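The values are calculated or read from the model by the stated rules, or taken from the named source; none is laboratory data. Worth saying up front: this structure is predicted, and the values here are computed from it rather than measured. Here the Cβ is made from the backbone with ideal geometry for all residues, glycine too, and neighbour counts use every protein chain on show. SASA here: full protein model, heavy atoms, side chains in, ligands and nucleic acids out. Shrake-Rupley method; radii C 1.70, N 1.55, O 1.52, S 1.80 Å.
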Amino acid sequence: MPNHLIIEGPERGVLRITLHRPEALNALNTALLGELAETLTGAQDDNQVRAVVITGSQRAFAAGADIKEMAERDLVGILEDPRQRHWATIARFNKPIVAAVNGFCLGGGCELAMHADILIAGEDARFGQPEINLGIMPGAGGTQRLVRAVGKALATQMVLTGEPISARRALEAGLISEITQPELTLERAVAVAETIATKAPLAVRLAREALHKAEDTDLATGLRFERHAFTLLAGTRDREEGIRAFQEKRPATFSGH
Ligand code: CAA
């Protein structure tokens, strides 16, 4: 049983994971990160889970890596840090993640949110990479994913000044896809995840892979991948069902085959 997470579901195809270290604004210590990686590994093999929502509290999604824990690690400790393994597991997770973000979303917290496929934030959310204030820099993808998410200009300003941006700015820059009232963020994220959970799982999986490809390949390679994935889906029963349901004017029921 995880100590730093609250796990609910899966319900209607959605597993809900709440980061729960209220005493430290959900700072991501190694234990929490390990529990998250383990939970996602279980969710990957669970056919009942079609999408995951990750959230924190109203005050903080997560205020970064746990600075107290980090202070105890020297260079060799950082080099051999098991956290890298946990981050890699989270990054490899093959189902959609929707992040519901309220309050502080800083450092490793922002990096975790950027592992999500879709970010929905309350209007009070603050996104930032404040590591520079500690004499360090982002180390869990912050420099790479932020540039891709918000562009080089804003990412550079955020990383080099350490100053956070508002949810409104994050929306304009493309880091998040929707803003909500803070008390409705989770509800909205769950609704989005539930919508995804009704779709054909193989189509979701391949579409998601193709979208990921767009971030790290040239256009020609990405287009080739998209075409292969599109062709592959022609062999699925869910494609037959989706098209037949449209023709019969009824909702489709997808099986994952
Ligand atoms: N690690 C450990 N503890 C943290 C923490 C963190 N990242 N952030 C907050 N806390 C703890 C505080 O120490 C405090 O605990 P105590 O009451 O025991 O002192 C508690 O959470 C509440 O925090 P504050 O009293 O500071 O709350 P505040 O409202 O005054 O300030 C804040 C909120 C601006 C987010 C401030 O807590 C803060 O600046 N936190 C650190 C943010 C940060 O620098 N994150 C980056 C970490 S490094 C990193 O993330 C690197 C990486 O992944 C590779």
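Could you give the length gained on full extension between VAL76 and THR231, defined as 0.36 nm per residue of separation minus the Cα-Cα distance, in nm?
So the extension gain works out to 51.1 nm.
Between GLN144 and ARG92, what length in nm is gained on full extension when 0.36 nm per residue of separation is reduced by their alpha carbon distance? Don't skip to the end; give the middle numbers.
Details: separation 52, 0.36 × 52 = 18.72 nm, distance 1.63 nm.
My answer for the length gained is 17.1 nm.
Is the shape of region 105-174 rounded, prolate or oblate, going by the alpha carbon gyration tensor and its root eigenvalues a ≥ b ≥ c, with a/c under 1.5 for rounded and a/b larger than b/c for prolate? Let's see the in-between values first.
Numbers: a/c = 1.44, a/b = 1.37, b/c = 1.05.
Verdict is rounded for region 105-174.
Heavy atoms of the protein only, probe of 1.4 Å, neighbouring chains included. What is the accessible area of ARG168 in Å², nearest 10?
Number for this one is 130 Å².
Multiply the residue separation of GLU8 and GLU248 by 0.36 nm, subtract the distance between their alpha-carbon atoms, and state the gained length in nm to one decimal.
82.8 nm
Looking at the chain, send over the antiparallel percent of its DSSP beta bridges, to the nearest 5.
Working: 8 of 30 bridges.
Taking every DSSP beta bridge within the chain, about 25 percent pair in antiparallel fashion.
Tell me, which longest segment in the chain has none of the GluC sites (Glu not before Pro) that fall in DSSP loops with at most 10 further Cβ atoms within 10 Å?
Longest gap between qualifying sites, sites excluded: 81-247.
Carbon and sulfur: what percent of the chain's accessible surface (1.4 Å probe)? Mind showing how you got there, number by number?
Working: 7560 of 13820 Å².
Looking at the chain in its full context, I get 55 percent from C and S.
Nearest 5 percent is fine: what portion of the DSSP beta bridges confined to region 1-68 is antiparallel? Let's see the in-between values first.
Values: 5 of 11 bridges.
Among the beta bridges of region 1-68, antiparallel pairing accounts for roughly 45 percent.
Place a point 7 Å from the Cα of GLU187 along the Cα-to-Cβ direction; which residues of region 40-71 have their backbone N under 19 Å from it?
53-59
Going by amide H atoms built from the backbone, whose H comes under 5 Å of the H on LEU5, apart from near neighbours?
Hits under the 5 Å cutoff: HIS20.
With viscosity set to 1.002 mPa s and temperature to 20 °C, compute the Stokes-Einstein D of the chain, Rh being the Kirkwood radius across alpha carbon pairs; µm²/s, no decimals.
Translational D for this selection: 112 µm²/s.
Nearest 500 deg cm²/dmol is fine: what mean residue ellipticity at 222 nm does the chain get from its DSSP H runs of n ≥ 4 alone, each adding -39,500 (n - 2.57), divided by its residue count?
Values: 12 runs with 122 residues, N = 257.
Value at 222 nm, helices only, nearest 500: -14000 deg cm²/dmol.
Whose amide H sits under 5 Å from the amide H of PHE104, counting only residues 5 or more places off or on another chain, with H placed in the peptide plane?
Those lying under 5 Å, H to H, from PHE104 are ALA60, PHE61, ARG126.
Using a Förster distance of 25 Å, how high is the FRET efficiency between GLU69 and GLN157, based on the Cβ-Cβ distance and rounded to 0.05?
0.35
Roll a 1.4 Å probe over the protein chains and send me the accessible area per residue for the chain in Å².
54 Å²
Can you classify region 201-247 as rounded, prolate or oblate using the Cα gyration tensor, where a ≥ b ≥ c are the square roots of its eigenvalues, rounded means a/c under 1.5, and otherwise it's prolate if a/b beats b/c and oblate if not?
Note, shape of region 201-247 comes out prolate.
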